[in-house]
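One structure below.
The values are calculated or read from the model by the stated rules, or taken from the named source; none is laboratory data. Here the structure is a predicted model, which is why all the values come from computation and not from measurement. Quick reminder, even Gly has a Cβ in these numbers, built from the backbone with ideal geometry, and neighbours come from all protein chains shown.
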Amino acid sequence: MDTERRVKISKYLARHLRHQPDRIGLTLDPAGWVEVAALLAACRARGFALTPEELHEVVETNDKKRFAFSEDGLRVRASQGHTVEVDLDLPVTPPPPVLYHGTVARFLEPILREGLRAMTRHDVHLSPTPETARRVGERRGAPVVLTVDAAAMAESGHEFRVSANGVWLVPAVPPSYLGFL
Ligand code: HQG
């Protein structure tokens with residue numbers, strides 16, 4: 001499969017496994033899973049046919065491992081990034097001492113005033129390295145990387161979780177834990 005097709009399938013899956021499952025008549029279970037067979041049928045019915053092999057290739061080779069199969073291989077879900085209500089059922093996990101958030105200058109004033117908020121997603125997304133955070137910020141313009149004192153946050157009871165693809169998730173980051181790289 002060429003890169004263009006892979007990206008097209010990845011975007012289609014992200015749209016329907018994170019944001020608008022009902023657009024193609026799908027219902028996610030409470031943890032965000034959908035039967036592979038139901039997903040393929042729904043895609044086909046909406047004129048976006050893909051083969052089981054293509055689905056496997058996209059899930060396995062995705063640059064950010066955005067999707068994952070269940071252990072039995074019968075279900076698939078997005079690993080994070082949902083705007084629809086899901087409970088990914090991830091365990092609370094002690095974070096590394098420092099995490100990073102990539103953003104852009106125009107958001108800094110509200111971020112430093114009110115902290116990082118989840119906005120349309122479930123959680124604030126934090127990166128384990130400054131490089132990854134920079135790439136996240138670059139989606140919107142010249143990146144600005146903020147540090148998050150995750151050790152101090154965890155110490156005062158904030159709950160961190162980590163997605164299957166290594167994104168750290170926390171409901172919010174108060175401004176006092178933020179710093180500049
Ligand atoms: C900003 C991509 C104003 C925040 C990436 C960000 C990531 C505030 C934007 C994943 C704010 C939200 C998530 C506040 C936060 N006031 N702006 N108080 N608090 N913001 O897309 O972290 O390709 O929901 O800085 O790689 O950019 O989709 O979050 O700029 O992992 O798999 O509000 O999305 O992954 O934007 O990106 P987003 P994000 P995928």
Close pairs (7 angstrom Cβ cut-off, 6 or more residues apart or separate chains): over 12 Å from residue 171 (Cβ atoms) in the range 111-122, more than 6 Å from the ligand (Cβ to nearest atom) and among the β-branched types (Val, Ile, Thr) anywhere
120/83
Those residues of the range 56-67 which are at pLDDT 95 or above and under 22 Å from residue 171 (Cβ atoms), in sequence order
66
Just one listed residue, out of 131, 138, 53, is in the same structural domain as residue 21 (by TED's automatic domain parsing) and either closer than 28 Å to residue 22 by Cα or at pLDDT 95 or above (or both), and it is 53
Given the conditions (1) within 13 Å of the chain's Cα centre (by Cα); (2) within 14 Å of the ligand (Cβ to nearest atom); (3) without any contact (Cβ under 8 Å) to a residue 60 or more places away in the chain, report the number of the one that residue 68 does not fulfil.
(3)
Do we have any residue at all in the range 35-46 that's in contact with a strand residue (DSSP E or B) (Cβ under 6 Å, 6 or more places away or on another chain), away from the ligand (no atom under 16 Å from the Cβ) and assigned to a loop (DSSP other than H, G, I, E, B)?
no
Matching option when the condition is within 19 Å of the chain's Cα centre (by Cα), crowded, with 16+ Cβ neighbours inside 10 Å and of a type outside the set (Phe, Trp, Tyr), among 17, 40
17
Pairs under 8 Å by beta carbon, first residue in contact (Cβ under 8 Å) with a residue 40 or more places away in the chain and farther than 19 Å from residue 65 by Cβ in the range 129-141, partner more than 8 Å from the ligand (Cβ to nearest atom) and assigned to a loop (DSSP other than H, G, I, E, B), six or more apart or different chains?
130/181
The lone condition residue 56 fails out of (1) more than 28 Å from residue 130 (Cα to Cα); (2) assigned to a loop (DSSP other than H, G, I, E, B) is (2)
